[in-house]
Structures are given as structure tokens and as C-alpha cells.
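A.B. asks: Quick one: structure below, then a few questions.
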Amino acid sequence: MKAPNAGHRGRRSFTGRRAFPLPGGKMAQTASSTSVDDIAARIPDGCRLAMPADYAGVSMAMVPALLHSAPRHLALIGVPTGGLAFDILIGAGMVTSVETSAISLGEAGGAPCFMRAIATGSIRIQDSTCPAVHAGLMAAQKGAPFTTLRGLIGTDVLQHRSDWRVMQNPFSEAPDPVVAIPALHPDVSLFHAPMADRDGNVWIGRRRELAAMAYASKQTYVTVERIVDRDFMEDELTAAGVLPALYVDGIARAEKGARPYGLWGEYGADTAQLLRYAQMAKTEQGFTQWIEEAFQ
């Protein structure tokens, strides 16, 4: 079976991965086991860093490690939205731009550091929509330079995206405008999942947007609750919900690694902590105090 975007992914470097033989003499690649600090060290200045929405497996375990390694000028991509992790990195002064359809703390309210940064002009926002973010990732996955959407026609969002183009549908003789969305290629995708197996396959269940992120990205790192001693690909109940190790560059075990967010099938969100952050981060002093208390 041909893996999605195998041609594109095959041009990537798999430095640090362990190879194992497959039938017919082919070689597959399995992600290396590592630590959150090691992953953070692999995220360079200027990285286009993609992370998922708060319900899809945010690797909050990576946030203190990133604060410690302190890469600069990050270009964050919310798939399709951003939340607490984005707000913290923005508050720490590590972010230059954000491409997303929204940044908020959900029921806890607005994202205070993001709102301050927008008000002061310290970051650049590329306003998008949920379908446009996913469309850009799908184009990258398929090796296409762009894909098209109709729903953006007539919106204010379109007026502020000079990288999007309105074009005529080449298969229609009547006027039929569509919007061309360029392929979205993150440098690194980062998320948290319940588990990985001994060969580096990551179980993502029905969160297929996590697979789209990985297929489109140059590198993908995952934190997991646990690593199990079996092969997900051999089990009909898990195989369909697996991101193959071929698309994963490193895995770190981080128990409760999504907290204070929840993780599907594992644990719920710590709403009190999210509300506390939303209140404290309204001031820079309060933001610093929350970081010190939460991550020290």
C-alpha cells in the first residue's frame, strides 16, 4: 500500500531514525524515542510550527521545554485554531507571526497575550478560516501547489490575504470564480496523543487532522501518554486510526502531557487552571507569575 504523499515525504531526511527490514528487502523508518527537551532543541529560530486545536491533542508538555530553549521568530500555524500554547509562546516574545482561524481559550475567554500583541502590533496575523487551513495542508499532502475553495468569495478574510488568488474555474465556460489556496507546508508539526507502539506508530483515533499536519510537514514530533509493546498495524481495531512511524521524527513520553487541556479517551480539561490563566495573564506581571507557578 502506498503511503499518502510518499513521493514528497521521501525527499526528507530521516536523521535519527532507526531502520528495520520489511518483506521484499524494503526499508521502513521508525521514529526515535526522545525527550521533550530534545524535541525543543530541534525547533530552530524562524520555524513554521503547526499545532492543533485545544480538543485535538495539544502538547502542553512541550511548552516549558520551548520556553527554556527559546527559539525566536516562530511562525505559528493553528490547525485550525490556536489556544493556550500559542498564547504562552506569544507572551514570552517568541512569536513573529500567526496563521490561524482563531486564537482563544474557549470557555475561559479570550487569549490575553495574543490580544495584547495584536493591539501593539508586535506580531503579524494571517487571518484564515478552518476550511482554508485544512485545504492548504491537504494540498501540501498531495504534492499540489494549491487547491481551491468557493466559500471565501465575498468575505473580508479574502481581502486581507494577498497570497490567495481568485481564479476562473478552467472547467466552466460560464463565469465561475474560485479561490486558490497555496499549499501549507509547516516546518514542524507538534501534537500530543494517547499512545505510540514499539515501532513508532502513533494512535490518533479519529483525529485525522493530526495526520494531515504530519503529511504536510517537513518534520513531526509527538508526545504521548504511553508507549505500548505491540504493533498497532496488526490490529484491525487500531490500524485505521494510526499515523505511521514513517511520518514521525521523534516521540517523547509525557504523562498528562495535554494538561490543562484534556485528551480524548484519557482525561478531561482542568477548567479551573484555564480560567486562572485567563485572569492572571491579563497583565504581563500576572502572566509571568502564572508561568513560574505552573512550570517551576
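The values are calculated or read from the model by the stated rules, or taken from the named source; none is laboratory data. Computed from a predicted model, the values in this text were never measured in an experiment. All Cβ positions, glycine included, derive from the backbone under ideal geometry; neighbour counts span all protein chains shown. Protein only, heavy atoms only, side chains kept; ligands, DNA and RNA dropped before computing areas. Shrake-Rupley method; radii C 1.70, N 1.55, O 1.52, S 1.80 Å.
A.B. asks: Straight-line reach only, C-alpha to C-alpha below 18 angstrom: list the aspartates and glutamates that residue 282 could link to, leaving out same-chain residues fewer than 8 apart.
C.D. replies: Result set, ordered by chain and number: 87, 107, 292, 293.
A.B. asks: Is there a quick way to get the dipole size of the chain? I mean about its Cα centre, with the Cβ of Lys and Arg at +1 and of Asp and Glu at -1; what is the value in debye to the nearest 20?
C.D. replies: Working: 28 positive and 29 negative charges, 148 e Å.
The dipole of the chain has a size of about 720 debye.
A.B. asks: On to the next question. Arrange the residues 160, 185, 73, 192 by how much accessible surface each exposes, largest first, with a 1.4 angstrom probe.
C.D. replies: On the way: 160 145, 185 65, 73 110, 192 0 Å².
Ranked list, largest accessible area first: 160, 73, 185, 192.
A.B. asks: On a C-alpha basis, how far is the centre of the stretch 218-296 from the centre of the stretch 34-48 in Å? Whole number, if you could?
C.D. replies: Cα centres, the stretch 218-296 to the stretch 34-48: 16 Å.
A.B. asks: Using only the Cα atoms of the stretch 121-188, build the gyration tensor, take square roots of its eigenvalues as a ≥ b ≥ c, and label the shape rounded, prolate or oblate: rounded if a/c is under 1.5, else prolate if a/b is larger than b/c, else oblate.
C.D. replies: Details: a/c = 2.57, a/b = 1.31, b/c = 1.95.
Oblate shape, in that a/c is at least 1.5 and b/c is the bigger or equal ratio.
A.B. asks: In addition: Of the heavy-atom accessible surface of the chain (probe 1.4 angstrom), what whole percent is carbon and sulfur?
C.D. replies: Of the solvent-accessible surface of the chain, carbon and sulfur hold 54 percent.
A.B. asks: Let me ask something else. Taking the highest mean first, how do the peptides 110-123, 81-94 order by number of other beta carbon atoms within 10 angstrom per residue?
C.D. replies: Working: 110-123: 17.3, 81-94: 23.1.
So the peptides 110-123, 81-94, ranked by packing, come out 81-94, 110-123.
A.B. asks: Let me ask another. So for the chain, averaging the separation of alpha carbon pairs under 8 Å that are six or more residues apart and normalising by length, what relative contact order in percent results?
C.D. replies: 21
A.B. asks: Then there is this: Take every Cα pair under 8 Å in the stretch 45-131 that's 6+ residues apart, average their separations, divide by the length, and report that relative contact order as a whole percent.
C.D. replies: Numbers: 159 pairs, mean separation 24.1, N = 87.
28 percent.
A.B. asks: Per-residue ellipticity at 222 nm for the chain, helices alone: DSSP H runs ≥ 4 residues times -39500 (n - 2.57), over residue total, nearest 500 deg cm²/dmol?
C.D. replies: Value at 222 nm, helices only, nearest 500: -7500 deg cm²/dmol.
A.B. asks: Ignoring ligands, DNA and RNA, what accessible area per residue does the chain give at 1.4 Å, in Å²?
C.D. replies: Working: 13880 Å² over 296 residues.
I get 47 Å² per residue for this part.
A.B. asks: Which is farthest toward the positive dipole end of the chain among 269, 296, 180, measuring Cα position about the Cα centre, with Cβ charges +1 (Lys, Arg) and -1 (Asp, Glu)?
C.D. replies: 180
A.B. asks: Toward the positive end of the charge dipole of the stretch 41-156, about the Cα centre and with charges on Cβ (Lys, Arg +1; Asp, Glu -1), which of 92, 151, 68 goes farthest?
C.D. replies: Positive-end residue among those listed: 68.
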